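Worksheet for the structure shown next.
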Amino acid sequence: MSAPDKHRELRLTAEEFADGKADGLGDIEIVQGLIIRLMAQSPLHSRVVRRLAGMLEAARRPGGPCMVVDSDVAARFVDSESSAEDRRLNIRYPDVWIRDCEPYDVNYVREHILLVVEVTSGSTIDVDINDKRIQYATAGIPIYLIIRLDQKEERIEEIEEYRLDWSGRRYLVHTVHRRVLLLDEPVEATIPFDALERA
């Protein structure tokens, strides 16, 4: 038996994912069945994700609608149209999301997400601004935030806020935040960039 080819494409079907075949593969996403290994992120990326999740959680209204803030949790998006089972599955792990309090189910959680956030890096920027924007809009997620880090990943350049155009299931730019993130939905929050950046 020959050694496995390290450059061979690794693919998963929905059934294999449900059976736990992705466990132990590390940081991955699955796009049209293809396993995509994610690069390690910068310290700033990690800080921004962690702090933003905490600040959004703290901004939930007491007595308001029940909301859950999560980070790097799996969500299954609409399967790709393919006759081959191992070319359909789409699993993403958004950096941060706010969802309602329906019981979590990887297959349907996309229908309960109210806001989704991705923090860019050199290795993810194209996917974040193109592929995920289309995928999240198609899923009907009302608000998408893209946090753009500078090239050296030392500070936040801007935060693009997109709102869903329900008529076309696409995002339109709502505003571009330059120094402070001001949110009014699904929570009200005023978050200065330096509160997310500082070491």
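Screening residue 135 on (1) assigned to a helix (DSSP H, G or I); (2) open to solvent by 50 Å² or more (accessible area, probe 1.4 Å) shows it passes everything except condition (2).
When residue 63 is tested against (1) touching a residue at least 60 places away in the same chain (Cβ under 8 Å); (2) in a loop (DSSP other than H, G, I, E, B); (3) over 16 Å from the mean Cα position of the chain (by Cα), exactly one condition is not met: (1).
How many residues, within region 183-199, are assigned to a strand (DSSP E or B) and open to solvent by less than 30 Å² (accessible area, probe 1.4 Å)? Total satisfying the criteria: 3. Only one entry in 116, 48, 106, 69 is open to solvent by less than 40 Å² (accessible area, probe 1.4 Å), in a helix (DSSP H, G or I) and either at pLDDT 95 or above or among the aromatic types (Phe, Trp, Tyr) (or both), namely 48. For region 138-153, filtered to residues that are touching a residue at least 24 places away in the same chain (Cβ under 8 Å) and over 13 Å from the mean Cα position of the chain (by Cα), the residue that is most open to solvent (accessible area, probe 1.4 Å) is 151. For region 139-183, the set of residues classified as modelled with pLDDT of 95 or more and of a type in the set (S, T, N, Q) consists of 175 only. Counting only residues that are under 21 Å from residue 134 (Cβ atoms) and surrounded by fewer than 17 Cβ atoms within 10 Å (Cβ to Cβ), region 74-92 holds 6 of them. Within region 148-178, the set of residues being touching an Asp or Glu at 6+ places or on another chain (Cβ under 7 Å) and among the β-branched types (Val, Ile, Thr) comprises 156, 173, 175, 176.
Restricting attention to region 74-87, which residues are farther than 30 Å from residue 43 by Cα and either under 16 Å from the mean Cα position of the chain (by Cα) or at pLDDT 95 or above (or both)?
78
Looking only at region 66-96, filter to residues that are of a type in the set (Lys, Arg) and in contact with a helix residue (DSSP H, G or I) (Cβ under 8 Å, 6 or more places away or on another chain); which one of those is nearest to residue 54 (Cα to Cα)?
92
Just one of the numbered conditions (1) loosely packed, with under 15 Cβ neighbours inside 10 Å; (2) farther than 28 Å from residue 63 by Cα is not true of residue 180: (2). Number of residues in region 119-130 that are under 18 Å from residue 30 (Cβ atoms) and either crowded, with 17+ Cβ neighbours inside 10 Å or at pLDDT 95 or above (or both): the value is 3. Residue pairs whose Cβ atoms lie under 9 Å apart, sitting 6 or more positions apart in sequence or on different chains, and linking a residue in region 173-191 that is more than 19 Å from residue 148 (Cβ to Cβ) to a partner that is among the basic types (Lys, Arg), are 185/163; 186/60; 187/60; 187/61; 188/61. Is there any pair with a first residue in region 154-172 that is farther than 30 Å from residue 198 by Cβ and a second that is part of a loop (DSSP other than H, G, I, E, B) and modelled with pLDDT of 95 or more whose Cβ atoms are under 6 Å apart and which are 6 or more apart or on different chains, and what are they? As it stands, the answer is 164/142, since those pairs meet every condition given.
The values are calculated or read from the model by the stated rules, or taken from the named source; none is laboratory data. Keep in mind it's a predicted model, so treat the numbers as computed, not measured. Note: ideal-geometry Cβ built from the backbone for every residue, glycine included; neighbour counts use all protein chains shown. These area figures cover heavy atoms from the full protein model, side chains too; ligands, DNA and RNA do not enter into them. Shrake-Rupley method; radii C 1.70, N 1.55, O 1.52, S 1.80 Å.
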